Amino acid sequence: MSQKTSFPRLVLLMKKLLVLALVMFVSVAQAKFIDEAEFPSWSEEAIEVVYNADIMTGFGDGSFRPKQNLNRAEAVTLLLRAKQMQDEAFNGVSKFPDVPGNAWFAKAVTVAENNGWLTGKIDGKFHPADNLNRAEFAALIDRAFQIEAIDDAPLPFDDVAENHWFYEPIKKSFDRELLRNARNKYFRPEQAVSRAEAAWVFAQILSKPGINGEAAEKDYNGLIHLGTRRVAVKPKDFNVNKQGVDAVLKKELLLTAEPVEENKTIVRGDEEWTVLGSIRMDNTLDDKAELTSLNLRMRFEEDGVGPEENFEARLHGVRGYEKIIKVAPGGDSLMPGLGIEILPGVQEVFWVSYRPLQDRSYFPTEGKASVVLNAADGLYFEPFTEQNTSRGADVRPVPMGYGDRLVGEFEFLLNADQ
């Protein structure tokens, strides 16, 4: 009797185990990125496209990190995948002294330089860990895909003049619809490219046979819903345990901006300074460096707001340092003669504040604006010793490096009642 009743129970148990196994298989096969909730809505389908094309497949911990900035080494690696050139010959030798043959990005960089996509920076190095900005990304895409402009119509962006070196690459991307928010007033060439933005651009390239070299009948527009993503069964593109990019220490004066917080407000008639953010200065040189000038740029998102020159900018920090300058027409705050000395291996932090001028008129319109770190210059001195801190005879322009450039954002109001 017990044997008869145990057999159905065994069958039932086997059925339950089979259902459980199927559920586990489906769960693994349809696993999503662990940070999918952070995807900007405009990037969701693009991330799906580049994932299925094995161009961007995520990190080893199961995340995609859409807001993380793309560095130069990562960008070239992704470009090689988009061009399907992973099998190109690699001799292990790069012309860039900061690209060792055993680096994870060495092959991608070498193939790219052999094909004329890379020129390096003014110091002859590649700087693999540097963030890639939007102008550099457009130039890289232009060289790799040999894009052609459609017409001679000027670009609509106020911050991309025809005499800028990046005008032509951006014009080609604009004509070929490879730019998000192409109707915006500003392009923001100095802004770092996020992984979500890179995914969007590569997805656009894949959907355009005339750019990517695919046959015209190949259609990448049939996008798969996010629920069918098979993250867990494919390799990850950047293993955080093998990259070592952050360990690439460059000899430079590195400037990195960081907003204080979101939703800052500046009100007309208010005499108080509003702190928008800070600029961290890291001297990774072996010698003393001096920041001699700094250029901040204010930009309103719409016409008829501001105008930009009706403000003052203030840089203040350690040991009571303070520099105040009026914002020039066009939004620039050029601060010359700073004389900020930073010892080797030392980090200094300075704050950036803005306030509206009391004796100026404004357009009767509220609006949002941003302030970015546009450019900087400096000097460094050799030799430097603890006994002799004076300027030596060997004075050179300091190699400048830039991290994030967004200093802060704010909303401009006409008066305190609004």
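Annotation: A376 fulfils all but one of (1) assigned to a loop (DSSP other than H, G, I, E, B); (2) under 30 Å from A129 (Cβ atoms); (3) modelled with pLDDT of 85 or more; the unmet one is (1).
For the structure I just gave you, tell me whether F105 is crowded, with 21+ Cβ neighbours inside 10 Å, under 30 Å from T284 (Cβ atoms) and either among the β-branched types (V, I, T) or not assigned by TED's automatic domain parsing to the domain that holds R299 (or both). Reasoning before the result, please.
Working: crowded, with 21+ Cβ neighbours inside 10 Å: yes; under 30 Å from T284 (Cβ atoms): yes; either among the β-branched types (V, I, T) or not assigned by TED's automatic domain parsing to the domain that holds R299 (or both): yes.
So F105 passes the test.
Number of residues in region 152-170 that are assigned to a helix (DSSP H, G or I) and within 20 Å of the chain's Cα centre (by Cα): the value is 3. Among the numbered conditions (1) under 17 Å from E309 (Cβ atoms); (2) part of a loop (DSSP other than H, G, I, E, B); (3) in contact with a strand residue (DSSP E or B) (Cβ under 6 Å, 6 or more places away or on another chain), the only one that S361 does not meet is (3). The listed residues are K121, K95, and the only one of them that is surrounded by fewer than 22 Cβ atoms within 10 Å (Cβ to Cβ), within 23 Å of R405 (Cβ to Cβ) and of a type in the set (K, R) turns out to be K121. At least 1 residues being of a type in the set (G, A, S) and either at positive phi or modelled with pLDDT of 90 or more (or both) is the threshold, and among the helices (runs of 4 or more DSSP H) wholly inside region 1-103 those reaching it are 44-52, 72-82.
Okay, residues lined up against (1) farther than 15 Å from G378 by Cβ; (2) surrounded by fewer than 18 Cβ atoms within 10 Å (Cβ to Cβ):
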{"position": "A257", "(1), (2)": "yes, no"}
{"position": "T265", "(1), (2)": "yes, yes"}
{"position": "A289", "(1), (2)": "no, no"}
{"position": "L296", "(1), (2)": "yes, no"}
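Here are A135, A144: which of them is surrounded by 16 or more Cβ atoms within 10 Å (Cβ to Cβ), within 19 Å of E190 (Cβ to Cβ), out of contact with any strand residue (DSSP E or B) (no Cβ under 9 Å at 6 or more places or on another chain) and in the same structural domain as N71 (by TED's automatic domain parsing)? Steps first, answer last, please.
Numbers: A144 fails: within 19 Å of E190 (Cβ to Cβ).
Testing whether each residue is surrounded by 16 or more Cβ atoms within 10 Å (Cβ to Cβ), within 19 Å of E190 (Cβ to Cβ), out of contact with any strand residue (DSSP E or B) (no Cβ under 9 Å at 6 or more places or on another chain) and in the same structural domain as N71 (by TED's automatic domain parsing) leaves just A135.
Criterion first (in the same structural domain as Y167 (by TED's automatic domain parsing), under 24 Å from A192 (Cα atoms), free of Cβ contacts under 8 Å to residues at least 24 places away in the same chain and assigned to a loop (DSSP other than H, G, I, E, B)) does T119 satisfy it? Yes; evaluated as a whole, the condition is true for this residue. Comparison of G337, G304 shows that the only residue that is on the phi > 0 side of the Ramachandran plot, in contact (Cβ under 8 Å) with a residue 40 or more places away in the chain, out of contact with any Lys or Arg (no Cβ under 9 Å at 6 or more places or on another chain) and in a loop (DSSP other than H, G, I, E, B) is G304. Go through the residues of region 328-335 one by one and say whether even a single one is farther than 18 Å from V372 by Cβ and exposed (fewer than 14 other Cβ atoms within 10 Å of the Cβ). Within region 328-335, none of the residues are farther than 18 Å from V372 by Cβ and exposed (fewer than 14 other Cβ atoms within 10 Å of the Cβ). Cβ-Cβ distances below 9 Å connect the following pairs, each with a first residue in region 128-151 that is closer than 18 Å to A82 by Cβ, a second residue that is assigned to a loop (DSSP other than H, G, I, E, B) and of a type in the set (V, I, T), and a separation of six or more residues or different chains: L132/V193; R134/V193; E136/V193; F137/V193; A139/T119; I141/I147; R143/T119.
The values are calculated or read from the model by the stated rules, or taken from the named source; none is laboratory data. In this text the structure is predicted, and so the values were computed from the model without any measurement. Backbone-built Cβ (ideal geometry, glycine too); neighbour counts: all protein chains shown.
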